[in-house]
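Presented below is the structure to which this report refers.
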Amino acid sequence: MTEVFIALGANLADPKLQIRNAVQALQQLPESEFIACSPLYSSSPMGPQDQPDYVNAVAKLTTHLSPHALLDEMQRIELEQGRVRKEERWGPRTLDLDLVLYGQLIIQDERLTVPHYGMKQRAFVLVPLSDVAPALTLPDGQKLAELVAACDCSTLFRLPD
Ligand code: ROI
């Protein structure tokens, strides 16, 4: 069993519902146990500003799936929820699932970069991650709490439950 964290993001087609549906799908994953989901947050877009605000959250699971088998499942869920791969980099999306951490593994190949390459700069990942794993230390030894303390949370808002 490996403890894994998946970041969820959506900013199209009723984003809150997209996140809730994705959480339900993650609860059904084979060979896995869903442990918790953070509260939902609203965040202004990182990247192009001419797109709606995002809803973000982080889910915690344990799994026997390999990183790539888990990624296959996550991409299946994205497609089932209407994800369309567009040309525009950092454009809006109905659902984005990112494998943020897979235990303490460091993975770098054509399909996967784990830990997620941008997580340390992204309040919309760090803050919900610390909701479900406040004592976490990253594979490079950095403490999550220190990254949270240093990040700019000025455009991140917790949504009512
Ligand atoms: N911005 C925010 N606020 N939340 C996201 O989940 C998100 N996802 C992305 C980009 C386009 C980088 N910007 C984002 O993929």
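Summary of computed values
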{"item": "Pairwise FRET efficiency - residue 137 versus residue 51, Cβ, R0 = 35 Å, nearest 0.05", "result": "0.55"}
{"item": "In nm, spacing of pseudo-spin labels at residue 75 and residue 44 (7 Å Cα→C-beta vector)", "result": "3.4"}
{"item": "Carbon and sulfur %, accessible surface of the chain computed with the full protein complex present, 1.4 Å", "result": "52"}
{"item": "Label-zone membership for the stretch 1-38, site residue 90, 7 angstrom Cα→C-beta point, backbone N under 18 Å", "result": "9-12"}
{"item": "log10 of Debye I(q)/I(0), alpha-carbon scatterers only, for the chain at 0.15, 0.19 Å⁻¹", "result": "-0.78, -1.32"}
{"item": "Mean ellipticity per residue at 222 nm, deg cm²/dmol - from DSSP H runs of n ≥ 4 across the chain, formula -39500 (n - 2.57)", "result": "-8500 deg cm²/dmol"}
{"item": "Aspartates and glutamates with Cα under 18 Å of residue 143, excluding same-chain neighbours fewer than 8 positions away", "result": "3, 131, 152"}
{"item": "Where the chain is the region considered: accessible area per residue in Å², 1.4 Å probe", "result": "51"}
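The values are calculated or read from the model by the stated rules, or taken from the named source; none is laboratory data. Here the structure is a predicted model, which is why all the values come from computation and not from measurement. Every residue, glycine among them, receives a Cβ derived from its backbone with ideal geometry; neighbour counts consider all protein chains shown. SASA here: full protein model, heavy atoms, side chains in, ligands and nucleic acids out. Shrake-Rupley method; radii C 1.70, N 1.55, O 1.52, S 1.80 Å.
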